[in-house]
Structures are given as C-alpha cells and as structure tokens.
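Just below is one structure, and these are the notes that go with it.
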Amino acid sequence: MRGRSITFWLIFGGVLFAALAMNSFYGLLLTDHDPFLAIIIGINSAIYFFGIAEKKSDVRKRYSHLLVGSFFAYVLSIYQVLVVFSVWLEGLLISSCLLTIEALNLPLIISGFAISFLFDFAKKQIETNNF
C-alpha cells in the first residue's frame, strides 16, 4: 500500500466513523440515541484523523494508526453484536420481543466488519514490511 492509499483509507475511516458517531449521538438512521457509544466511536474516528496528521514520510506510524483504528472498529462491531444478543436473550427471558431495528445499530455492525478486511490487509503489510 502506498502513501496515497494509506491517506485515502485514513480519511475514509475517519469520515465514516465520524458520521457513525453523529448518527449514534442523535439517533438518526437505524440507531438508538446513545451518546456514550457515540463518544467511543468518535475516539475511533480520532485515531484515523491523528494518522492523517503524521508525517507522510513516516509510513510505519501511519500504518499503525490504520491498524489500530480498524482493529478498534472490529472490536466495536463485535461489542454491538454482543449487545444485540443480550437484548435478544433478555426478550426470551421475559417472553417479549425487545429487539428493534434501532437496537441493532446496523451501520456500526456492517462498517466494523467491512473495516476488518482492511485490518487484515494492513496487518499483513506490516508483518511482511511491504511498504
């Protein structure tokens, strides 16, 4: 991956997770209003944006921001899947369906799992020193 593509993926991840943070904060599209999750997603967006602030000549640091940000996104999507699973189990215990489309937070789950492929690619690039 060259410098331009690293910059593209850092900008893409930063803007994507900034939009997801705003979406979760205000509860706009397919999400519940959850300001604490929005703050955590905003921190993930900041990881990507801090990677853009690194010097272009220091590719390893930029890769590390890409790696950490995409891993954190993957962990957030797994956390959201566990939340959905716990809501579903709670609904089974009280014999009521508590699972709604807003509780799923589908944009976070889909984007987190999609960014996980970027994490695998960046990890492979760092392990093989293929800059």
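Taking every residue in segment 69-83 that is of a type outside the set (A, V, I, L, M, F, W, C) and pairing it with any residue that is open to solvent by 60 Å² or more (accessible area, probe 1.4 Å), at least 6 positions away or on another chain, the pairs with Cβ-Cβ distances below 6 Å are 77/113.
With (1) farther than 13 Å from residue 115 by Cα; (2) in contact (Cβ under 8 Å) with a residue 40 or more places away in the chain as the list, and residue 36 as the residue in question, which single condition is left unmet? Just one mismatch for residue 36, condition (2).
Look at (1) touching a residue at least 40 places away in the same chain (Cβ under 8 Å); (2) over 15 Å from the mean Cα position of the chain (by Cα); (3) open to solvent by less than 80 Å² (accessible area, probe 1.4 Å); (4) more than 30 Å from residue 99 (Cβ to Cβ) and you find that residue 10 fails only one, number (2).
Taken together, the criteria place residue 52 among residues that are within 12 Å of residue 13 (Cβ to Cβ) and at pLDDT 90 or above.
Select the helices (runs of 4 or more DSSP H) contained entirely in segment 46-131, then report the ones holding at least 1 residues which are surrounded by 13 or more Cβ atoms within 10 Å (Cβ to Cβ) and touching a Cys at 6+ places or on another chain (Cβ under 9 Å). Don't jump to the end; show me each part of the working.
Values: elements: 59-93, 101-104, 106-127.
Filter on segment 46-131 gives 59-93.
Only one of the numbered conditions (1) modelled with pLDDT under 85; (2) part of a helix (DSSP H, G or I); (3) open to solvent by 60 Å² or more (accessible area, probe 1.4 Å); (4) not aliphatic (A, V, I, L, M) is violated by residue 36, and that is (1). Screening residue 32 on (1) under 29 Å from residue 121 (Cα atoms); (2) more than 16 Å from the chain's Cα centre (by Cα) shows it passes everything except condition (1).
The values are calculated or read from the model by the stated rules, or taken from the named source; none is laboratory data. Please read all numbers here as calculations on a predicted model, not as lab measurements. Glycine gets a Cβ as well: all are built from the backbone with ideal geometry, and neighbour counts include every protein chain shown. Keep in mind that these areas ignore ligands, DNA and RNA; they rest on the heavy atoms of the full protein, side chains included. Shrake-Rupley method; radii C 1.70, N 1.55, O 1.52, S 1.80 Å.
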